[in-house]
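*Asks:* Got a structure for you, questions after.
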Amino acid sequence: MEDEVDRLVAAWRRERPDLDVEPLEVLSRVSRLARHLDRARRLAFSEHNLEPWEFDVLTSLRRAGAPYQLSPGQLLTQTLVTSGTMTNRIDRLAKKGLVERLPDPSDRRGVLVRLTAEGRDRADQALAGLLEQERAILAELSRAQRAELAALLRQLTAPFDNIPG
């Protein structure tokens, strides 16, 4: 079975035989798959009236376990955004009733961000929708192939996840 990347690679090999275009065979497919995944994620989230960034913050809190709260700094670490962006996001989610700010009992100046019951329900429903979309994307692969692909991708992404700062 031939795909668009095969045609792209063949064209570059014809036009630039002096270059090794083998990385395109993997990374162009990863890039194309990322675009399809982004569309699937947006669809799953829109069905629950959430933006992707809202899902990211809500599910960070949900994964924290009861009482589903984190400091803004912990949310920064998990979502990879600036403090100004996170403050804005927390404000917007609080206005929608999906999170609430509470005083941090261990730091008089600090706050904790806690998921509300509605926020938890929306996160759970959106996650179920996302998993349904992702299962459809992976449907052509066997369980063993999915495990092998996950291991290979982990090998490629782990160094990026372990870069300090």
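The values are calculated or read from the model by the stated rules, or taken from the named source; none is laboratory data. All of these numbers come straight from a predicted model, not from anything done at the bench. Methodologically, a virtual Cβ is constructed for each residue, glycine included, from the backbone with ideal geometry; neighbour enumeration extends over all protein chains shown. For accessibility, only protein heavy atoms count, side chains too; no ligands or nucleic acids. Shrake-Rupley method; radii C 1.70, N 1.55, O 1.52, S 1.80 Å.
*Asks:* In the Gaussian network model of the chain, springs joining C-alpha atoms below 10 Å, which of Arg13, Arg39, Arg135 carries the largest mean-square fluctuation?
*Replies:* Arg13
*Asks:* Something else now. Measure off, as a whole percent, the carbon and sulfur share of the 1.4 Å-probe accessible area of the chain, all protein chains present.
*Replies:* Within the chain, the accessible surface is 54 percent carbon and sulfur.
*Asks:* With every protein chain left in place and a probe of 1.4 Å, what is the accessible surface of Asp18, to the nearest 10 Å²?
*Replies:* 110 Å²
*Asks:* So, one more: Using 1/(1 + (r/R0)^6) with R0 = 41 angstrom and r between the beta carbons of Gln145 and Arg92, what's the FRET efficiency to the nearest 0.05?
*Replies:* Rounded to the nearest 0.05, the efficiency is 0.55.
*Asks:* Before rounding to the nearest 500, sum -39500 (n - 2.57) across all DSSP H runs of length at least 4 in the chain and divide by the residue total; then give [θ] at 222 nm in deg cm²/dmol. If you can, show how the numbers build up before the last one.
*Replies:* Working: 7 runs with 110 residues, N = 165.
Helix-only estimate at 222 nm: -22000 deg cm²/dmol.
*Asks:* What FRET efficiency would be calculated for the residue pair Asp121, Glu2, taking the C-beta separation as r and a Förster radius of 45 Å, to the nearest 0.05?
*Replies:* Plugging the Cβ-Cβ distance into 1/(1 + (r/R0)^6) gives 0.50.
*Asks:* Choose one answer from Ala44, Ala117, Ala150: the residue with the largest mean-square fluctuation in a GNM of the chain with alpha-carbon springs under 10 Å.
*Replies:* Answer for the Gaussian network model of the chain: Ala150.
*Asks:* Still on this structure, please answer the following. If R0 is 30 Å, what FRET efficiency do you get for Asp161 and Leu102 from their C-beta distance, rounded to 0.05?
*Replies:* Efficiency, rounded to the nearest 0.05: 0.50.
*Asks:* Taking a probe of 1.4 Å, how large is the accessible area per residue of the range 10-99, in Å²?
*Replies:* 62 Å²
*Asks:* If I build a Gaussian network model for the chain, linking alpha-carbon pairs within less than 10 angstrom, which residue out of Leu93, Leu112, Leu153 has the largest mean-square fluctuation?
*Replies:* Looking only at Leu93, Leu112, Leu153, the biggest GNM fluctuation is shown by Leu153.
*Asks:* Three principal axis extents, largest first, for the C-alpha atoms of the range 1-132, in Å?
*Replies:* Taking max minus min along each principal axis of the Cα atoms, the range 1-132 gives 65, 30, 22 Å.
*Asks:* Something else about it: Taking the Cα-to-Cβ direction at Arg109 and at Ala11 and moving 7 Å from each Cα, how far apart do the two end points lie in nm?
*Replies:* Those two pseudo-labels are separated by 5.7 nm.
*Asks:* Cα gyration tensor of the range 9-51, axes a ≥ b ≥ c as square roots of the eigenvalues: rounded (a/c below 1.5), prolate (a/b > b/c) or oblate? Please list the in-between numbers first.
*Replies:* Values: a/c = 6.42, a/b = 4.75, b/c = 1.35.
Prolate.
*Asks:* Please state, to two decimals, what the Cα-based radius of gyration of the range 37-86 comes to when divided by 2.2 N^0.38 Å (N = residues).
*Replies:* Output field value: 1.21.
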